[in-house]
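Just so it is clear, none of the values below were taken in a lab; they were calculated from the coordinates. For clarity, every value in this text was computed on a predicted model and none was experimentally measured. Glycine also receives a Cβ, built like all others from the backbone with ideal geometry; neighbour counts cover every protein chain displayed.
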Amino acid sequence: MAKSSISERTADSANAVLAGAGGKGFLKRLLPFLGPAFIASVAYVDPGNYATNIQAGAKFGYTLLWVIFASNLIAILVQSMSAKLGIATGMNLAEHCRASYPPWAVRSLWVMMEIVAIATDLAEFIGAAVGIQLLFGLPLWVGGLITAVATFLILGLERFGFRPLEAVITGFVAVVALCYLVETFLDRPDWAALGIALARPKLPNQEAILLAVGILGATVMPHAVFLHSALTQNRIRPKEVSGLKRLFRFELVDVFIAMGIASFVNAAMLVMAAATFHKSGMPDVGTLENAYVTLEPLLGKAASIVFGVSLLASGLSSSTVGTSAGQIIMQGFIKRHIPIWLRRLITVTPAMAVIMLGLDPTRSLVISQVLLSFGLPITIYSLLRFTADRGKMGDLVNGRVTNVLLGAATALVSALNVYLIVATIAG
């Protein structure tokens, strides 16, 4: 990320706005700054979210809806701080880790984050393959091959600059959001029960806790945190401190819009499962395939097709972004770069193995999301450490309240993971 990831025209427009000479309308002034958070938000609406949200809604109705919104609040905080780190320092999170931690810790973190990237791609790749299988009736392994080729072609857009890739990924996010807007109208949720679930948060049993951790792991994703700081580090470089502060305010708007859409999509997934499967006495309809097939008799053919289209769009976009994040993680931690086709091959191999071995795709997705949550504490801690350092951040250093909130988020994620391990061993 040594140079700006946007065109000179976009950079000039952004710098004009920061200098107070941009367009008069707020939307026109905002446009040059939109993009990074939408790329990062793809990780928050990937197929892993489908698996955990559908299982949570089918088994527990609206009960775990509050977990989605709580996770999204953490996501907004974490992604905002990641963006701020890149803006203030011109370095991404992985580069800061390499510069600040001892070599053994850097190598260990790199290996951990590579495992996280593989687990991420497992969910995204399988989700897209399942989407192709459901929509076109092709074998799952054929859907996997098509997904591999499609994501490689999408990644090829980077040769034309990052803005075309941003546009395509944002388009995929829009497709997913539109699909779930349609689903929400079709499934006619019980708004009173929904409100009660939000007002009275609870975790009824150990399985609910497992799904809650899965939802958190699928919502706040380590690779998205590393990626966001890289997307902002050299995108726009104001010359004045006042320009940096204004740039961060625009990036906050980007984050709130993108994460707000992601929160709606995740909530709509769970609401759909609660209003259809749980309401109809089908708590075990937790697989993506069963969800697709069962939606048709419950809500009509349009509902199942919309579900399949959204799953495919989600899988293709998130798999593309996951591969880019893996490149950034490797470059940041160990200053190495491998061809994009090789990285794609490495990350695709475990997913194809799951498909060829005939393992349950949905269960594999849920387990991968739980695995992701174990990479979160060190990621959030590192983000807190660097954004709280005035020597690195200057006038954009965190305030006391922000540090407390980030510390609380780290403690919460760590406590949930420890509880999950103890409960699993005891049970």
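Electrostatic tally near L406: other residues with Cβ closer than 14 Å to its Cβ, Lys and Arg +1, Asp and Glu -1, net +2.
Using the rule -39500 (n - 2.57) for each DSSP H run of four or more residues, divided by the residues of the chain, the 222 nm mean residue ellipticity is -26000 deg cm²/dmol.
Taking the longest Cα principal axis of the chain as reference, the axis of helix 103-136 is set at about 50 degrees.
Rounded to two decimals, what is the ratio between the C-alpha radius of gyration of the chain and 2.2 N^0.38 Å? Mind showing how you got there, number by number?
Details: Rg = 20.7 Å, N = 427, 2.2 N^0.38 = 22.0 Å.
Relative to the rule-of-thumb radius for its length, the chain sits at 0.94.
Could you please state, rounded to a whole Å, how far the C-alpha centre of the stretch 31-63 is from the C-alpha centre of the stretch 85-144? First find each Cα centre; the distance between them is then 16 Å.
Stretched out straight at 0.36 nm per residue, the stretch from A199 to T349 would grow longer than its current Cα-Cα span by 49.7 nm.
For the chain, the longest principal axis of the Cα atoms and the long axis of helix 361-373 meet at an angle of about 40 degrees. Applying 1/(1 + (r/R0)^6) with R0 = 25 Å to the Cβ-Cβ distance of E207 and A408 gives a FRET efficiency near 0.45. Longest stretch of the chain clear of exposed loop sites (trypsin sites (Lys or Arg not before Pro), DSSP loop, at most 12 other Cβ atoms within 10 Å, sites excluded): 25-201.
Can you flag which of K59/K202; K239/K335; K28/K239; K84/K239; K84/K392; K84/K335 are past 18 Å Cα-Cα? K239/K335; K28/K239; K84/K335, as the Cα separations exceed 18 Å there.
Let me check I've understood the local charge: for S108, count other residues with C-beta under 13 angstrom from its C-beta, Lys and Arg +1, Asp and Glu -1. What total comes out? Walk me through the numbers on the way to the answer.
Values: positive: R98, R107; negative: E114.
For residues surrounding S108, the net value is +1.
Arranged from fewest to most other beta-carbon atoms within 10 Å of their beta carbon, F374, F152, F386, F136 become F136, F152, F374, F386. For the stretch 102-193, dividing the convex hull volume of the Cα atoms by the residue count gives 197 Å³ per residue.
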